[in-house]
1. For the list (1) on the phi < 0 side of the Ramachandran plot; (2) acidic (Asp, Glu); (3) exposed (fewer than 14 other Cβ atoms within 10 Å of the Cβ), I need the number of the one condition that Asp239 fails.
2. Restricting the search to the stretch 19-76, which residues are buried (at least 17 other Cβ atoms within 10 Å of the Cβ) and at positive phi?
3. Quick check on the stretch 143-166. Is at least one of its residues assigned by TED's automatic domain parsing to the domain that holds Leu229, within 19 Å of His278 (Cβ to Cβ) and modelled with pLDDT under 90?
4. Residues that are touching a residue at least 24 places away in the same chain (Cβ under 8 Å), among the basic types (Lys, Arg) and within 20 Å of Gly114 (Cα to Cα), at least 3 per element: which helices (runs of 4 or more DSSP H) completely within the stretch 8-71 meet that?
5. Give me the residue from the stretch 167-182 that is hydrophobic (A, V, I, L, M, F, W, C) and either part of a helix (DSSP H, G or I) or within 30 Å of Arg301 (Cβ to Cβ) (or both) and, out of that set, modelled with the lowest pLDDT.
6. How many of the residues making up the stretch 163-179 are of a type in the set (Phe, Trp, Tyr) and surrounded by 16 or more Cβ atoms within 10 Å (Cβ to Cβ)?
7. If you go through the stretch 199-223, how many residues are surrounded by fewer than 19 Cβ atoms within 10 Å (Cβ to Cβ) and assigned to a loop (DSSP other than H, G, I, E, B)?
8. So, Gly158, is that one touching a Ser or Thr at 6+ places or on another chain (Cβ under 9 Å), touching a residue at least 60 places away in the same chain (Cβ under 8 Å) and outside any helix (DSSP H, G or I) or not?
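The values are calculated or read from the model by the stated rules, or taken from the named source; none is laboratory data. This is a predicted model, so every value here is computed, not measured. As a convention, Cβ positions derive from the backbone with ideal geometry for all residues, glycine included, and neighbour counts pool all protein chains shown.
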Amino acid sequence: MTNGRDRLRELLDAVLEEGNTTLSAMAQDAFASPYHFTRQFSRGTGESPVALKRRVLLERAAWQLRHGSSVTEVAFAAGYDSVEGFSRAFSRAYGHPPSADDESKQHWLPAANGIHFHPPMSLWVESEPKGRHHMDPTSLLVHHDLDDTRELMKLATGLGEEQYRRGREAHLVLGWDGPDDSIATALDHLVWTKEVWLASIDGADTPPRRPDDLPTLMRRLDEVGPHWLDTIRDIDRRDGWGDTLIDALCEPPESFVVGSVIAHVLTFSAHRRQLVRHWLRSEIPDSTTEFDNGDPIMWLRERG
């Protein structure tokens, strides 16, 4: 019988095989259905197969650019149909276009699972850092928050535009965010809150507001999720929960205890997720869709 570690290696091999350009091809190579393949892989790595492959290929592209390859060469090697598409993806991931890349920059992107491209054609898997057990409540709540947000977004794709943006009883969850008065605004705030706090922690500028249509929101969640997880793991690794964050994005600047920031985000994320769940139930009352109640116990049971 194949043990868990070997099976994860098989799944990684199926994802990173050059010829496996679709989820179906990856799953077939691993002798599994796309559904079970995605479920096994995500449980083992905390990242979807497509997202991990895209990230690792971008890391490889960054390394290749720094070693003399042209943007055109690395774009097509990374599976993009055009240089323009590759440049947009690279810029979103690294914060600068591929033409501005240089040796001084890190080619690894944030990844909570520690899996990265390692030259010339292999993977580097960081050892598990000392820190919270994966069953620690903080770890569970952080992962559940991201997974539950994505599930709610998927459910919302069944709505029409009018339903998605329909004005509802306004809930002022957080004063500086403005009211949560539609499914669209509540889902946007779930992502925006993490984007803003990460900018504060990183010492970066306030991120620009971006569209809140569902395809864009899902892409934003894909971008912010790994960075959010990686940041929390780093805080835990260095036991930085009691550190003080001076938030220069506030006017005037304010100080916050780092642990309280994470608790703050989780508290109001839970509120907003339940608000969206309630509104979705009212919009899809006769659907065969089964709405869970957002319980981390049931979420963990389903993952196991």
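1. Result: Asp239 passes all but (1).
2. Answer for the stretch 19-76, where residues must be buried (at least 17 other Cβ atoms within 10 Å of the Cβ) and at positive phi: just Gly46.
3. yes
4. Output list reads 49-65.
5. Residue satisfying both the conditions and the ranking: Trp176.
6. Final tally of qualifying residues: 1.
7. Total meeting the criteria: 10.
8. Spelling it out, Gly158 is indeed touching a Ser or Thr at 6+ places or on another chain (Cβ under 9 Å), touching a residue at least 60 places away in the same chain (Cβ under 8 Å) and outside any helix (DSSP H, G or I).
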